[in-house]
Amino acid sequence: MKTTVSWKGNMAFEGETPHGNKVLMDASAKAGGEDRGPSPMETVLMSIGGCTGIDILGILKKMRLEVVDIKVEIEGDRTEDHPRVFNKLNMVYKIWGKDLPEDKVKKAVELTQEKYCSVLHMVNKTAKVTYTYEINP
């Protein structure tokens with residue numbers, strides 16, 4: 001796995017994958033940036049949401065369940081002192097689908113939290129992670 005991150009002026013940097021996918025990151029105006037993209041720490045939270053969401057969707061599809069939508073809300077608290085790592089994360093999984101059995105949704109969420117999501121497992125070395133899920137028709 002490889003990526004290249006290039007300076008795009010002021011405090012902005014753009015990450016690019018070998019496949020040409022790009023993400024623009026920037027500092028907030030308060031930190032001297034222009035808010036042209038998420039901060040690097042916001043991209044970490046988004047990566048956790050994407051990683052766990054992909055896991056959950058894949059697991060539920062293997063169970064032959066019909067998923068209509070998934071949203072992951074993540075709130076992270078950071079330490080006051082540098083390097084200002086995350087010390088708390090709270091995640092809410094909102095899952096929509098037809099006749100989704102709670103035991104199977106619970107199992108999919110537990111599997112991503114406890115076994116599969118590599119991004120989450122890097123962050124949970126410093127952060128206490130809590131999570132809940134909601135099943136919606």
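The values are calculated or read from the model by the stated rules, or taken from the named source; none is laboratory data. Values in this document were obtained by computation on a predicted structure and should not be read as measured data. FYI the Cβ positions are ideal-geometry reconstructions off the backbone, even for glycines, and counts take in every protein chain you see.
Structural remarks
- Filter result for the condition that a residue is in contact with a helix residue (DSSP H, G or I) (Cβ under 8 Å, 6 or more places away or on another chain) and either part of a helix (DSSP H, G or I) or more than 19 Å from Lys106 (Cβ to Cβ) (or both), over Gly76, Gly49: Gly76
Yes or no, residue by residue, for (1) in a helix (DSSP H, G or I); (2) of a type in the set (D, E, K, R); (3) closer than 23 Å to Asn136 by Cα:
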site: Arg36; (1), (2), (3): no, yes, no
site: Met41; (1), (2), (3): yes, no, no
site: Arg64; (1), (2), (3): no, yes, yes
site: His82; (1), (2), (3): no, no, no
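- Among the criteria (1) surrounded by 17 or more Cβ atoms within 10 Å (Cβ to Cβ); (2) farther than 19 Å from Gly49 by Cβ, the one Tyr93 does not fulfil is (2).
Table: residues versus (1) in contact (Cβ under 8 Å) with a residue 60 or more places away in the chain; (2) aliphatic (A, V, I, L, M).
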{"residue": "Ile48", "(1), (2)": "yes, yes"}
{"residue": "Gly53", "(1), (2)": "no, no"}
{"residue": "Met63", "(1), (2)": "no, yes"}
{"residue": "Val67", "(1), (2)": "no, yes"}
{"residue": "Ile70", "(1), (2)": "no, yes"}
{"residue": "Ile95", "(1), (2)": "no, yes"}
{"residue": "Lys98", "(1), (2)": "no, no"}
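- Any hit, segment 29-41, residues being out of contact with any Asp or Glu (no Cβ under 8 Å at 6 or more places or on another chain), touching a residue at least 60 places away in the same chain (Cβ under 8 Å) and not polar (S, T, N, Q): no
- Any hit, segment 123-131, residues being farther than 12 Å from Ile48 by Cβ, more than 14 Å from the chain's Cα centre (by Cα), assigned by TED's automatic domain parsing to the domain that holds Met46 and surrounded by 12 or more Cβ atoms within 10 Å (Cβ to Cβ): yes
- Criterion: under 16 Å from Ser118 (Cβ atoms), outside any loop (DSSP other than H, G, I, E, B) and hydrophobic (A, V, I, L, M, F, W, C) - qualifying residue of Leu89, Leu24: Leu89
- Residues in segment 18-28 that are in contact (Cβ under 8 Å) with a residue 12 or more places away in the chain and touching a strand residue (DSSP E or B) at 6+ places or on another chain (Cβ under 8 Å) were compared, and the one that is surrounded by the most Cβ atoms within 10 Å (Cβ to Cβ) is Asp26.
- Segment 106-137, subset assigned to a helix (DSSP H, G or I), hydrophobic (A, V, I, L, M, F, W, C) and in contact with a helix residue (DSSP H, G or I) (Cβ under 7 Å, 6 or more places away or on another chain), residue farthest from Arg64 (Cα to Cα): Val123
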